[in-house]
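The next block holds one structure in the form of structure tokens; read it before the comments.
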Amino acid sequence: IGLAERPVRIAFWGFIRHEKINEKIIWRLGGDARFELHYYGREQQTAWNLKALVEQNHFSNIFFHGAYLPKDRYAFAAQADLIHNMYENDAGTQKAMGNKYYDGIIFRIPQLCTVGSYMGKRVEEDGVGCALDPFEDGFVDQLVHYYQEYDRNQFEANCDRACEKVVSEFKKGQQIIKRFA
């Protein structure tokens, strides 16, 4: 099934780590002409291993762009259809809230998060993305279904509400700090 006139561009930005989950995502999306997967970030051993996987399998729809400056994020976010915000559910990330969550609601880009993670729960509660498991056989079908079925107008309204919620939480935090200061 074609999703659009061009491939759906999925972008990851940040330090490239969590090799097992990224390897699985690459295997699932590599060679699928409906998608492009772009990695922007500092490369060390994990990224080098993933790049080797891509090269060995001749996946022409997966790209590594290397390190970037914070200001560069605006340019590649403008080209992204979905944010890859998936991490392995280890002790360090299962309960974490990454900066890409905030980027997603500010830039109004739907996010793909990991089932069972705090971010996965949050994007689904806030209506700003979906939580999937790339280790499940139906991963690509679920991704296609999400992308084809999400309502852009409702999504943007959800991003606005999520931003308001973040600002409200920030203001409450400031008030608590002022009371103790």
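In this structure the chain gives 55 Å² per residue of accessible area when probed at 1.4 Å with all protein chains present. Among R28, R161, the sequence by solvent-accessible area, most first, with a 1.4 Å probe is R161, R28. Against the criterion of solvent-accessible heavy-atom surface with a 1.4 angstrom probe, K178, K100, K171 sort, most first, into K178, K171, K100.
Under the classification rounded if a/c is under 1.5, otherwise prolate if a/b is larger than b/c and oblate if not, where does the range 134-178 fall, given a ≥ b ≥ c as square roots of the Cα gyration tensor eigenvalues? Oblate, because a/c is 1.5 or more while a/b does not exceed b/c. Sparsely packed loop sites in the range 98-181 (the GluC sites (Glu not before Pro) outside DSSP H, G, I, E and B with at most 14 other Cβ atoms within 10 Å) comprise E136. Annotation: F59 carries an accessible surface of approximately 30 Å², with a 1.4 Å probe and no ligand, DNA or RNA atoms counted.
If you build the convex hull over the alpha carbons only and average its shadow over all orientations, what do you get for the chain? Give it in nm² to one decimal. Taking the Cα atoms of the chain, their convex hull projects to 11.6 nm² on average.
M97 contributes an accessible area of around 50 Å² to the protein surface, as traced by a 1.4 Å probe with all chains present.
Share of carbon and sulfur in the accessible area of the chain stands at 51%, probe radius 1.4 Å. Of the beta bridges in the chain, as assigned by DSSP with both residues counted there, near 0 percent are antiparallel. Could you tell me which of rounded, prolate or oblate describes the range 73-175, using a ≥ b ≥ c as the square roots of the eigenvalues of the alpha-carbon gyration tensor, with rounded for a/c under 1.5 and, failing that, prolate when a/b is larger than b/c and oblate otherwise? Here the range 73-175 falls in the oblate category.
Take the alpha carbon atoms of the range 58-91, find their center, do the same for the range 9-31, and report the distance between the two centers in whole angstrom. Using only Cα atoms to place each centre, the spacing works out to 9 Å. Taking a ≥ b ≥ c as the square roots of the eigenvalues of the Cα gyration tensor, the range 91-150 is oblate, since a/c reaches 1.5 or more and a/b is not larger than b/c.
The values are calculated or read from the model by the stated rules, or taken from the named source; none is laboratory data. Small disclaimer: the values here were computed from a predicted structure and weren't measured. Cβ atoms come from the backbone with ideal geometry, glycine included; neighbour counts cover every protein chain shown. Please note that ligands, DNA and RNA were not included when accessible areas were found on the heavy atoms of the full protein model with its side chains. Shrake-Rupley method; radii C 1.70, N 1.55, O 1.52, S 1.80 Å.
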